[in-house]
Amino acid sequence: MSNLRKRKRILTIVGARPQFVKAAAVTRCLRLHADETLVHTGQHYDNNMSDVFFDELGIPFPNYNLDIGSGLHGAQTGAMLKALEEILLKETPDCVLVYGDTNSTLAGALAATKLHFPVAHVEAGLRSFNRWMPEEINRVLTDHIADTLFCPSETAITNLNNEGIFNGVHFIGDVMFEALMDARIKAEQYSTILSQLHLETGKFILATVHRAENTDDPDKIKRLIKSLAILSRQTPVVFPIHPRTKKQLMREGSVDEAVNLHILDPVGYLDMVHLEESASAILTDSGGIQKEAFWLKVPCVTLREETEWVETVQQGWNTLAGTDIDKIVQHALQPSKPNHHLDVYKGEGSVRRLIEILC
Ligand code: UD1
Ligand code: UDP
């Protein structure tokens, strides 16, 4: 970070919704200390899955958009690898920065390491220990080829150590926290989603579902939708729906039993944060939303059998309900709200710590 040192040239790769949120927190500060080239793989491309985050969070326009779009894992990751290789050879960065666990993360890390560009991974060390999840494969592979591993929790460091990874491992805390705190203030000012939907603070449930393990299993998606329909007979349920889930719902789901179920297109980050903060409980299979619920002290019911964010469960703010209808309904209507809240993810200062190490 010293002014005497030459500014580093960092090439950042993003592609999916959660990466825009994480990069938003880092980019602004990073550009004060380094020269950043931003590459968008185009994995997410709908306006409400991509552009809205750049606009609302003030993320700089990407220097490259690869427009890769959707596809099978091999085709999508392969197309990204090919396009990224050309850009890396042209840009010759000092370091390649990747976030999270998507196909864009793995493609970025793999393309860079094959060309001997150092790789830094934000959100390293997370594990579900479920190799059926494409994200788990992406995380494990990325961590094993990364040179610098930025961990958001002590558990993440232990996970890496257990896999023999010790060098370049840093506990910096979770960078999503700073994005959330910024957005929370803006959301208070600008979001009108509650009045648009005629909702009152503390009197509705927010739900999201997008994990392949849920959407692509007809029984699971049916049980999840049935749970939301049952709940909607007692309290309004707001369900901003990921395009993957929308497709599956059209094939498998029936919302006939629902009464007060607001099915929306994906919402922008400010509306999302406002909904999260105002909900009585959040039902989700999202990684990012489990943490946001924890930070906002809103009880969370996770629609999965396991989580990478084990601390949220240990502290009693999060309950794993899988796709068990009775469990989901019970925990959503009588959510656990402990009176303690330990700041395990040390979000505040995480961006500064990242930049001190990277630059
Ligand atoms: C991806 C990540 C997942 C992450 C999620 C965040 C992988 C393997 N998965 O899952 O880890 O939690 O992003 O949201 O990288 N689609 C659209 N418009 C878009 C984007 C996607 O319609 O802008 C539809 C397409 O039909 C596509 C499907 O959604 O086939 C899935 O998109 P994809 O990017 O492959 O995976 P996600 O489920 O979004
Ligand atoms: N999000 C959003 N609008 C939505 C759904 C999610 O802004 O309609 C935000 C959410 O608040 C979080 C991020 O997107 O910051 C998480 O993305 P997602 O759940 O798609 O991915 P995951 O975190 O599971 O990888």
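Where a ≥ b ≥ c are the square roots of the eigenvalues of the C-alpha gyration tensor, would you call segment 38-77 rounded, which needs a/c under 1.5, or, failing that, prolate if a/b is larger than b/c, or oblate? Because a/c hits 1.5 or more and a/b fails to exceed b/c, segment 38-77 counts as oblate.
Straight-line reach from Lys220: which lysines fall under 30 Å, measuring Cα to Cα and dropping same-chain residues less than 8 apart? Cα-Cα hits under 30 Å: Lys22, Lys203, Lys246, Lys247, Lys291, Lys297, Lys327, Lys337. Of the residues Val140, Ala124, Phe150, the one whose Cα sits farthest toward the positive end of the charge dipole of segment 108-150, with +1 on the Cβ of Lys and Arg and -1 on the Cβ of Asp and Glu, is Val140. For His116 and Gln196, what does the FRET efficiency come to when R0 = 51 Å and r is the distance between their Cβ atoms, rounded to the nearest 0.05? Calculated value: 0.50. Stretching Arg31 away from Leu264 to a fully extended chain increases their span by 80.4 nm, per 0.36 nm per residue minus the current alpha-carbon distance. Modelled spin-label separation between Glu356 and Glu305, with each label point placed 7 Å from Cα along the Cα-to-Cβ direction: 4.2 nm.
Solvent exposure of the chain, expressed per residue, is 43 Å² of accessible area, with all protein chains present and a 1.4 angstrom probe. Extension gain for Glu91 to Phe129 (0.36 nm times residue separation, less C-alpha to C-alpha distance): 10.1 nm.
Report the extension gain between Arg233 and Lys297 in nm, rounded to one decimal, defined as 0.36 nm multiplied by the number of residues separating them, less their alpha carbon distance.
Details: separation 64, 0.36 × 64 = 23.04 nm, distance 2.50 nm.
Contour length minus Cα-Cα distance gives 20.5 nm.
Just the protein heavy atoms count here, and of the accessible area of segment 289-359 at 1.4 Å, carbon and sulfur take up 49 percent.
The values are calculated or read from the model by the stated rules, or taken from the named source; none is laboratory data. Quantities reported herein were computed from a predicted structural model and do not represent experimental measurements. Cβ: placed from backbone, ideal geometry, glycine included. Neighbour counts: every protein chain shown. Remember, those area values only see protein heavy atoms, side chains included, never the ligands or the DNA or RNA. Shrake-Rupley method; radii C 1.70, N 1.55, O 1.52, S 1.80 Å.
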